[in-house]
Every structure is written in C-alpha cells, then in structure tokens.
Amino acid sequence: MALLELQGVKKIYRQGKIEVPALRGIDLKVETGEFTTVFGPSGSGKTTLLNIIGCLDKPSDGRIRFDGQELGAMDQKGLAMIRRHQVGFIFQSYNLIPVLTAYENVEFAVRLINKHDDKELREKVMKILAAVGLEGLENRKPHELSGGQKQRVAIARALVKEPKLVLADEPSANLDSKTSEEVLQVMVKMNRELGTTFIFSTHDPRVMDYARRLIEIRDGLISKDQRRG
C-alpha cells in the first residue's frame, strides 16, 4: 500500500469573483522510502501541492489517503495530529524560533507529542543534532548560526519526531553550493538509514540530481514522472 495517494486533487483559489486554479487534477502515488523532487516553473503548483500533502491546506476537490487514512474525512483536529506526529517540514526560510537555542528548537518538536521523559528526550535530541553535524553548537541561537547550520537545525527538527514523511519546500534556496551539497547529503543519509520518505519542491538542479524520482508540474498538472535506478 502506498504511503501517499492523491486522486483527482484540485485546488482553486478565489480572488473576489475570479477563480484561479492552482492544481487541476493531480493523480499521484508515493511509496514509503522514496526520495522525490517536484519541480516546475514558478506558479506551477509545487508549493500548493506540498501544502495539501502536509495538511496545511485542503483541496477543493479530489481524494487524499495518507498511511491508509482518508484525509478528507478528518476535521481540523485530526489533520493537526497528522501534521504533528507524522509529517516533518523543512522550509527555505528555516522558521526557527529566534529566542530558542538549536537544542530547544529541536526539542520543541518532540515536546509537542509528549513521547519521552526528560533523559530520553535529551539523548534523542543530542543524537539527531550530532547526526546533522551540529554537535557542539546546540546552545547557539539562530542569529549565531550560518544559513547552512540553520537549515541543519530545521532538518533535525523535522526528523527528531521520526515522521513517516518529510516535506521540503525549496530547501537549498538560501544556501551556497557547498552548503547545499552538505545539507542534501544529510537528508540522503537520513533517508537511507531511517527509511524516511522525502518530497522536495524545487527548481534547483543540485537537488534534482539527488532525487530518485522526478515529477514535473506545469499549469497545475503532472507533465512528467520519471524514476531513476
């Protein structure tokens, strides 16, 4: 059974009396452990698709199944539980809490789901920070970190709760080539070692080079779906 399945998913935004179609009918299956990139020109629907998959937005029409659950049948509380427990988000703007340290930003994600006692929680957070190359930087606040280090905190925060799916929206947009390469290698490592499913929205060829599946979106429709060995 696919981890994620979309059938005929459409999204229409309304600007007064004008309807603006962002997605025109997306059919998509994603299996557990995939490392997939969604690409296309600006305005093609990439970010809208990720927001709908991540339960940040609802489709105007169509069906979505995530890990065997029909998302359309869920209320806001149910969708929030999916976001909190099963989906990790990595944004190009990092979205770190500025008054918290790197450790506290990552810890906060686990505190929300109340799964661990204090000792177990600290071990878990320190382990994931070390895994993304931030050992020794756990007490620094975001303004004391480089762009690449902030993105590593965001990756650690997304992965620490062991989600089934991680959604990354333009994760390399604010990074130089060397840092982008390092960050992508961290995510590849997590994918291989933990089996976490990754879906990226990007137009960056560096990100696309790492993907094992390339999905092109144009005008709100999938125009190409290519798998690599």
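Every read-out reported here was derived from the displayed coordinates using simple, explicitly stated rules and does not represent laboratory data. Note that the structure is a prediction, hence the values are computed from the model and not measured. Backbone-built Cβ (ideal geometry, glycine too); neighbour counts: all protein chains shown.
Sparse packing (at most 14 other Cβ atoms within 10 Å of the Cβ) combined with a DSSP loop state is found for the following trypsin sites (Lys or Arg not before Pro) in segment 47-122: Lys115. Under 5 Å between amide hydrogens, built in the peptide plane, is the criterion, and for Gly88 it picks out Leu165, Val166, Leu167 among residues at least 5 positions away or on other chains. Charge dipole of the chain (Cα centre as origin; +1 on each Lys and Arg Cβ, -1 on each Asp and Glu Cβ, all else neutral): 340 debye, rounded to the nearest 20. Of the peptides 44-51, 173-180, the ranking by mean beta-carbon count within 10 Å, highest at the top, reads 44-51, 173-180. Computed from point charges on the beta carbon alone (+1 for Lys and Arg, -1 for Asp and Glu), the dipole magnitude for segment 1-91 about its Cα centre is near 360 Debye. Projecting the Cα atoms of Gly33, Ile97, Val9 onto the charge dipole of segment 1-149, computed from C-beta unit charges around the Cα centre, puts Val9 farthest toward the positive end.
Would you work out which of Leu121, Gly195, Val153 lies farthest towards the positive end of the dipole of segment 114-229, given +1 charges on the beta-carbon of Lys and Arg and -1 on that of Asp and Glu, about the Cα centre? Ranked along the dipole, the leading option is Gly195. In the chain, the DSSP-assigned H stretches of four residues or longer account for a calculated mean residue ellipticity at 222 nm of -10500 deg cm²/dmol, using -39500 (n - 2.57) per stretch and the full residue count as denominator. Could you state the angle between the C-alpha long axis of helix 102-111 and the longest principal axis of the C-alpha atoms of the chain, as a value from 0 to 90 degrees rounded to the nearest 10? Result, in degrees: 60. Computed from Cα positions, the angle between helix 118-131 and the longest principal axis of the chain comes to roughly 70 degrees.
On a per residue basis, the convex hull of the C-alpha atoms belonging to segment 102-169 measures out at 87 Å³. Sequence-ordered 3J(HN,Hα) estimates for segment 54-65 from the Karplus curve with 6.51, -1.76 and 1.60 and θ = phi - 60° stand at x, 6, 8, 8, 10, x, 7, 7, x, 10, 10, 10 Hz, glycine and proline given as x. With contacts taken as Cα pairs under 8 Å at a separation of at least 6 residues, the chain carries a relative contact order of 29 percent.
Against the chain, whose longest principal axis comes from its Cα atoms, helix 177-194 is set at around 90 degrees.
Among Asp225, Asp204, what is the fewest-to-most ranking by other Cβ atoms within 10 Å?
On the way: Asp225 13, Asp204 17.
Fewest-to-most ranking of Asp225, Asp204: Asp225, Asp204.
Of the residues Lys161, Lys10, Lys127, Lys17, the one with the fewest other Cβ atoms within 10 Å heads the list, and the complete ranking is Lys17, Lys127, Lys10, Lys161. Across segment 82-96, coupling constants 3J(HN,Hα) worked out from phi with the 6.51/-1.76/1.60 Karplus curve, θ = phi - 60°, read 4, 4, 6, 9, 10, 10, x, 10, 10, 10, 5, 8, 6, 6, 7 Hz, and Gly and Pro carry x.
Taking the number of Cβ atoms within 10 Å of each Cβ as an exposure proxy, the fewest-first ranking of Ile82, Ile12 is Ile12, Ile82.
Lys10: net charge of surrounding residues, Cβ under 15 Å, Lys/Arg +1, Asp/Glu -1, itself excluded? Please list the in-between numbers first.
Details: positive: Lys11, Arg14, Arg24, Lys58, Arg63; negative: Glu19, Asp27, Asp57, Asp61, Asp219.
Its environment carries a net charge of 0.
If only the Cβ of Lys and Arg carry +1 and only the Cβ of Asp and Glu carry -1, the dipole of segment 76-188 around its Cα centre is close to 440 debye.
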